[in-house]
Each structure stands twice: as structure tokens, then as C-alpha cells.
């Protein structure tokens, strides 16, 4: 079974999204959103192709998939041993920066 590995930038993305939700909608809602996202991400260990292929960019030569959860998308890549969480995106934001951010992540060391 594959293990989940979060890039530091993806962890920061998730933290910022949860903080925003907490300030805007309260701790209970933020906690529920966090739990929902984590459950979906953890499901990738058993079902790595649960997400949708995202053909616009690769991560270090690997295909990128996106997993939708509420107003959030989790972008990830799959290796033989890992699910690499590359980016967490708030769907309320403009999508134009996604490809640039994924390309930037791909060019930087793990």
C-alpha cells in the first residue's frame, strides 16, 4: 500500500485554507472541512486513482490527478510507493495560477 507524503507547500496551502474557514465560518466548520479533506486523501492509499487526471501539467515527470472535496481540490501524483500531495487549492480562487504553481513545485527539490 502507498503512503501519503505532503510537500511543505501543500501543507501550507491546507493550513491557510483551514484558517480562512475558521475565521470566516467558525472552528466547527473548519474542523469538519479538515476532517473531510483528510478522509478523502487517506482513501488514496487504497484507491490512488480516485481522483481525475489533470493533463495540463506533470509533477517531476509524473501524472497529476485532482481530488475534489467541497470547495477544495487536492492535486497529487502517484509513485510505486507514495501518493505525493503537491497542491491544495481553494476553488473560490481564480484557476489561472494552478498550472504555474504546479510547474513551480515540480522544479523544486522535495
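The table that follows gives values for the structure above.
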| item | result |
| --- | --- |
| Where residue 81 falls short, out of the listed (1) surrounded by fewer than 18 Cβ atoms within 10 Å (Cβ to Cβ); (2) farther than 20 Å from residue 106 by Cβ; (3) modelled with pLDDT of 95 or more | (2) |
| Test: residue 101 is over 12 Å from residue 7 (Cα atoms), modelled with pLDDT of 80 or more and touching a strand residue (DSSP E or B) at 6+ places or on another chain (Cβ under 8 Å) | no |
| Residue 86 being touching a residue at least 60 places away in the same chain (Cβ under 8 Å), surrounded by 14 or more Cβ atoms within 10 Å (Cβ to Cβ) and either part of a strand (DSSP E or B) or in contact with a strand residue (DSSP E or B) (Cβ under 6 Å, 6 or more places away or on another chain) (or both) | yes |
| Residue match in the stretch 47-68 (condition: touching a strand residue (DSSP E or B) at 6+ places or on another chain (Cβ under 7 Å), in contact (Cβ under 8 Å) with a residue 24 or more places away in the chain, part of a loop (DSSP other than H, G, I, E, B) and surrounded by 11 or more Cβ atoms within 10 Å (Cβ to Cβ)) | yes |
| Counted residues, the stretch 1-17 - those being without any contact (Cβ under 8 Å) to a residue 60 or more places away in the chain and under 15 Å from residue 73 (Cβ atoms) | 1 |
| Residue within the stretch 23-37 that is touching a residue at least 40 places away in the same chain (Cβ under 8 Å) and surrounded by 11 or more Cβ atoms within 10 Å (Cβ to Cβ) present | yes |
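The values are calculated or read from the model by the stated rules, or taken from the named source; none is laboratory data. Being a predicted model, the structure only gives us computed values, none of them experimental. We place every Cβ from the backbone using ideal geometry, glycine too, and count neighbours over all the protein chains shown.
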